[in-house]
Amino acid sequence: LDYSLNGKRPQGPLTLAIDGFYYGVTEDGGTNGWGVLYKFDITTNNRTKLYDFTNTTGASASGQVAQATNGKLYGVANNGGTNSYGVLYEYNLSTNIYTVKHNFGPGGIYPSWGVLQASNIKLYGVCSSGGGGGDGTFYCYDIGSSSLTNKDFNTIIAGSNQITNPIVIIDKYRYIKQ
C-alpha cells in the first residue's frame, strides 16, 4: 500500500467544521502528486481523502482551509491553475464538488497560508509574490459576487495606499483593514 496516494506533507492546522469533522490539506502526494484535501474523524481516528489536487485545478495546497458561513470549505493552492500561479477554491461538503473560484495572476501570485472569513462574510488572504512591487498582495474575495480584489502588500504597510473602508473584526484577537 502506497500511503503517499492519500497525501503527504500536511499543511496548516486542521479546521473543525460544523459537521464535527476536521479538514486539512497536504501539499504533496495523492493520485496526481499535487496534494489532497482530506477529512479527519477524531472519534475513529480515520482520515478520508476528499479531493486530489491537479496542476490544472490547483497544485500544492497551502495553509488552513476555512469553513464559511455558507457551510462550504475555502482554501488555496499556491501553484497550478489556469495561470500556474495558484488558485482559490471552494469545496461543497454537501455535494463533494470542488470548484476553482479564482485563478491567481498576473496581480497577486502564489497564495499562501489559507484564507480567513471576516465578519463582513468576505474571505481574506495573502499572496507571497506579485503586485506592483513584487512583494506580494493582500486580497479580499467576495463570496456573493465571486470577485477578488488585490492590494499591494508593500503599499498597505507603508500607508501610501489609502484604505477608506472600516476595520473588519475577525475575532477578538485579530482584525484587518479592508
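Here are the numbers for this structure:
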| quantity | calculated |
| --- | --- |
| Test: residue in region 108-117 that is over 21 Å from ASN6 (Cα atoms), at pLDDT below 90, small (Gly, Ala, Ser) and open to solvent by 30 Å² or more (accessible area, probe 1.4 Å) | no |
| Odd one out for CYS127, checked against (1) open to solvent by 10 Å² or more (accessible area, probe 1.4 Å); (2) touching a Ser or Thr at 6+ places or on another chain (Cβ under 8 Å) | (1) |
| Filter result for GLY20 (at positive phi, outside any strand (DSSP E or B) and out of contact with any Phe, Trp or Tyr (no Cβ under 6 Å at 6 or more places or on another chain)) | yes |
| Unmet criterion (only one of (1) closer than 30 Å to ASP19 by Cα; (2) open to solvent by 50 Å² or more (accessible area, probe 1.4 Å); (3) at pLDDT 90 or above) for LEU88 | (2) |
| Flag if ASN70 is among the polar types (S, T, N, Q), over 22 Å from GLY33 (Cβ atoms) and either surrounded by 21 or more Cβ atoms within 10 Å (Cβ to Cβ) or touching a residue at least 24 places away in the same chain (Cβ under 8 Å) (or both) | yes |
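Condition check ((1) within 15 Å of VAL100 (Cα to Cα); (2) without any contact (Cβ under 8 Å) to a residue 24 or more places away in the chain; (3) of a type in the set (Ser, Thr, Tyr); (4) open to solvent by 40 Å² or more (accessible area, probe 1.4 Å)) across all residues:
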{"position": "LEU5", "(1), (2), (3), (4)": "no, no, no, yes"}
{"position": "ILE18", "(1), (2), (3), (4)": "no, no, no, yes"}
{"position": "PHE21", "(1), (2), (3), (4)": "no, yes, no, yes"}
{"position": "ASP41", "(1), (2), (3), (4)": "no, yes, no, no"}
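The values are calculated or read from the model by the stated rules, or taken from the named source; none is laboratory data. Just so we're clear, the structure is a prediction, and the values are computed from it rather than from any experiment. Cβ sites come from the backbone with ideal geometry, for glycine too, and all protein chains shown count toward neighbours. For accessibility, only protein heavy atoms count, side chains too; no ligands or nucleic acids. Shrake-Rupley method; radii C 1.70, N 1.55, O 1.52, S 1.80 Å.
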